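Only one structure is covered here, and it is reproduced in the block below.
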Amino acid sequence: MSSNTGPLPHRTVSSIRASDRSAAQALPQTPQTPPRAIVPSAFGSPSSIRADDDVIVVELGSRKMRLGFAGDAAPKRIVSFGPEQQRRAGDFRAWDATYHTDWRRRASGTPWGIHHELWQLDMRGQDLALVGDKLERELRDAFTKYLLIDSRPRRLTLVLPPTLPIPLIASVLDTVFNRFQPPSISLLSSPVMTVMAAGVRSGLVVNIGWHETTVTAVYEFREVRSWRTVRAGKLLVEETYEFLCSAIRGRPTTARTERTEDKLEDGAVSFEECEEFAIRMLWCKRGSRDPALDRTEGLPTLHEQDETETVSPAEDRSPIEITLGSCKPPKTVEIPFAELAEPCEAVFLEPYLSPRCFDDHELPLHLLVHQALLQLPLDVRAVCMSRIMFTGGFSNIIGLKGRILDEVSLLAKEWGWDPVRGKAVDEYKKNLKLRRNGSRQSGDGPVPVPMPAPTGKSNAEGVETAPPSNPAHAPPESDQVEEMVRRDRGYKPVVQGRLRVLDSLGAWCGASMAVQLKVPALATVERELWLQQGVNGASRPGEVDVRTHQRQSMGAGGLMRGQVSQLNNSWTLGAWGTI
């Protein structure tokens, strides 16, 4: 059945043909991908803006470098500087059969182990251009192979030790600004980042590094003071060399080997083997006196002991066979297990010498830590002594942290926290007549009032009453409302006044968390200002406005202070100072 109905009034044949013709003309000649709709940033994927917000965190040391993105839990790459990283492209000498045994020829003419260092603290005669070239090669290799990023400029954050000289900082900034073109570089202090990685705001950071050991007091994310000593990893490796040489010869050495030529003889051990032996085999004994045991009068209590109990490590004389492959010919020596603790004792502790025998730059570690705590203000000392953190490559030696803490506890118990000590001070404290007639200083507090001897009195009923007490020494009454509020809020008292060791995740992890949380850095250097002014453009702390730059530390007003400094074209290097 058919119908003779005409076309619809809203759809004619001419309009259909016209629309088809226009559609055909709008189609492109070649197939193309349709444009992607722009999604608002509030509802888009975070990966679209991650490339602009990526900040690279670099922790720089004299032996190692750590790199990664801000917000990561661990670095993507840990670089160890050495002669293997200094080969050019096409250098296949490492696959030669005699390459590893010919280390003496490669090490001749240079100080022992200098190829394993990025820099030396002694700036005299050091090639800073070579330092920049080594740094550029490792950074470019890490960016390409491990971080997998392109050549787009990205912000950079450097974590540097506070004792780094300014010429080295200038060489590092020149290399990074000229070779990688970051818009800005932020500088962070490694002790402050170590404290942040431990989850606290204050602490005493003991960094057992390569060239020196530094003890830095940090209070409320601000460096208070720093102390240093040369007793560090480099001295330990040299002592390990003497220890192995005496084990090879079968007799103790009479003098230390100072010349580099003597360390390249046929019977000598290579630097790599000495360092590996020091890290993997050495250990530290416990103290001769245990501070945890309180001395009691009378006969000691006899405790039952198991007859099958093993011998203590300090008395274990069982031989340990060690194969040394770098000497000619390779030898196998037997060293008693107890003697493996001698290099660590001689370098870090030196227990057989009086404290008067050491200079200020060569104090043993326990004396340096005690002296650092002794020179701090009272409130800072009370907080820092309960938050001692050990960091550095050689701090992982077995038993070293516990031994240092035990020695510091013994010094605090024996000497106290009085900086003045000696025979005259002991006689003055024992002589009551001199103390009574002596002049009192204003810092000694109020003059104590002698109280009569407490004698109990009995009332009319014959019941003895308690003697009168001084109200000034009475404990304050507890407030029930404050106790209820603290109980509801889960308040915990601040731990202070006792020695305690905390574990830290390291300076790189602290910097990664700080950058991710947008914490203002100690110093921020812009690329344009650096290329115009260089290191000489850094302002002194006194030349900056006091209202805007009154504190060189992390704080709530750090971002505002940084913006004001950029407007005034004044910038600083923070805790590293100026030329």
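The values are calculated or read from the model by the stated rules, or taken from the named source; none is laboratory data. Since the structure is predicted, the reported quantities are computational estimates derived from the model, not experimental observations. No Cβ is skipped: glycine too gets one built from the backbone with ideal geometry, and neighbour counts run over all protein chains shown. Surface areas here come from the heavy atoms of the whole protein model, side chains and all, with no ligands, DNA or RNA. Shrake-Rupley method; radii C 1.70, N 1.55, O 1.52, S 1.80 Å.
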Open item on the list: At 1.4 Å probe size, put 432, 121 in order of accessible surface, largest to smallest.
Closed with: 432, 121
- [ ] Hey, can you grab everything whose amide H is under 5 Å from the amide H of residue 228? Only 5+ residues off in sequence or another chain; H modelled, so Pro and N-termini drop out.
- [x] 215
TODO: With all protein chains present, calculate the accessible area of residue 284 using a 1.4 Å probe and round the result to the nearest 10 Å².
DONE: 10 Å²
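For the range 105-250, give the percent of accessible area contributed by carbon and sulfur heavy atoms, probe 1.4 Å, rounded to a whole number.
Carbon and sulfur together cover 50 percent of it.
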Open item on the list: Give me the 1.4 Å probe accessible area per residue for the range 136-177, excluding ligands and nucleic acids, in Å².
Closed with: 41 Å²
- [ ] Give me the accessible area of residue 276, 1.4 Å probe, in Å² rounded to the nearest 10.
- [x] 90 Å²
- [ ] Using +1 at the Cβ of each Lys and Arg and -1 at the Cβ of each Asp and Glu in the range 304-429, identify which of 373, 349, 311 lies farthest towards the dipole's positive end.
- [x] 373
TODO: Please calculate the 1.4 Å probe accessible area of residue 227, with all protein chains present, and give it to the nearest 10 Å².
DONE: 20 Å²
TODO: Arrange the peptides 58-64, 145-151 so that the one whose residues have, on average, the most other Cβ atoms within 10 Å appears first.
DONE: 58-64, 145-151
